[in-house]
Amino acid sequence: QVQLAESGGGLVQPGGSQELSCAASGSILSINAMGWYRQAPGKQRELVATITRGLSTSYADSVKGRFTISRDNAKNAVYLQMNGMKPEDTAVYYCMARAIVAGRIAWDDYWGQGTQVTVSS
């Protein structure tokens with residue numbers, strides 16, 4: 001299987017910056033898309049940004065121009081640089097990886113446990 005270890009997160013002031021990191025490990029044969037999702041209290045989990053193995057990116061409209069997703073294929077890692085943060089960015093952020101693992105013939109989505117990001121003065 002795949003384990004996703006997230007780091008970063010915590011408290012940041014409005015207008016500040018923060019970077020999240022996520023590294024995948026396990027019996028991974030290949031990783032296709034990786035991404036970040038978030039879930040605020042009382043709301044559904046939503047897409048923040050995704051990046052393909054070929055480094056094509058997509059973003060939620062709410063974070064375009066402020067957040068940047070990147071990845072290191074050699075390290076099976078994905079990053080989220082968050083700038084100009086707003087209180088409405090407060091949420092639990094989850095890392096996702098779409099991967100094929102040994103013994104499987106299909107792509108599966110794997111999730112991290114989440115890291116809390118709080119934007120407040």
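Can you work out ³J(HN,Hα) from phi for every residue in segment 102-108, in order, using Karplus 6.51 cos²θ - 1.76 cosθ + 1.60 and θ = phi - 60°, giving whole Hz and x for Gly and Pro?
My calculation for segment 102-108 gives 4, x, 10, 10, 10, 6, 10 Hz in order.
Using a ≥ b ≥ c from the Cα gyration tensor of segment 22-77 (square roots of the eigenvalues), is it rounded, prolate or oblate, where a/c under 1.5 gives rounded and otherwise the larger of a/b and b/c decides, a/b for prolate? The partial results should precede the final answer.
Working: a/c = 2.67, a/b = 1.55, b/c = 1.73.
Oblate.
Report the residue, chosen from Asp89, Asp109, Asp61, that carries the largest GNM mean-square fluctuation when the chain is represented by alpha-carbon nodes joined by springs under 10 Å.
For the chain, modelled as a Gaussian network with Cα springs under 10 Å, the answer is Asp61.
When the Karplus curve 6.51 cos²θ - 1.76 cosθ + 1.60 is applied with θ = phi - 60°, which whole-Hz ³J(HN,Hα) does each residue of segment 46-59 get, with x for Gly and Pro?
Along segment 46-59, the couplings run 10, 5, 9, 6, 9, 8, 8, 4, x, 6, 6, 10, 9, 9 Hz.
If the cut-off is 29 Å between C-alpha atoms, which lysines fall inside it for Lys43, apart from same-chain ones fewer than 8 positions away?
Output for Lys43: Lys64, Lys86.
Mind pulling the per residue volume of the convex hull built on the Cα atoms of segment 2-43? Å³ is fine.
On the way: hull volume 4.8 nm³, N = 42.
So the per-residue Cα hull volume is 113 Å³.
Quick check: Cα centre of segment 83-110 to Cα centre of segment 10-78, how many Å?
After rounding, the separation between the Cα centres reads 7 Å.
What does the convex hull of the Cα atoms come to per residue for segment 39-121, in Å³?
Details: hull volume 10.1 nm³, N = 83.
Roughly 121 Å³ of hull volume per residue.
With unit charges on the beta carbon (Lys/Arg positive, Asp/Glu negative), name the residue among Asn76, Tyr94, Tyr110 whose Cα is farthest towards the positive pole of the charge dipole of segment 67-121.
So the residue we want is Asn76.
Given +1 on the Cβ of Lys and Arg, -1 on the Cβ of Asp and Glu, and no further charges, what dipole in debye does the chain carry about its Cα centre, rounded to the nearest 20? It would help to have the intermediate numbers written out before the result.
Details: 11 positive and 9 negative charges, 30 e Å.
The dipole magnitude comes to about 140 debye.
Here, each number is a calculation from the coordinates, and none is a lab measurement. Here the structure is a predicted model, which is why all the values come from computation and not from measurement. Neighbour counts are summed over all protein chains in view; Cβ atoms, including those assigned to glycine, are modelled from backbone coordinates with ideal geometry.
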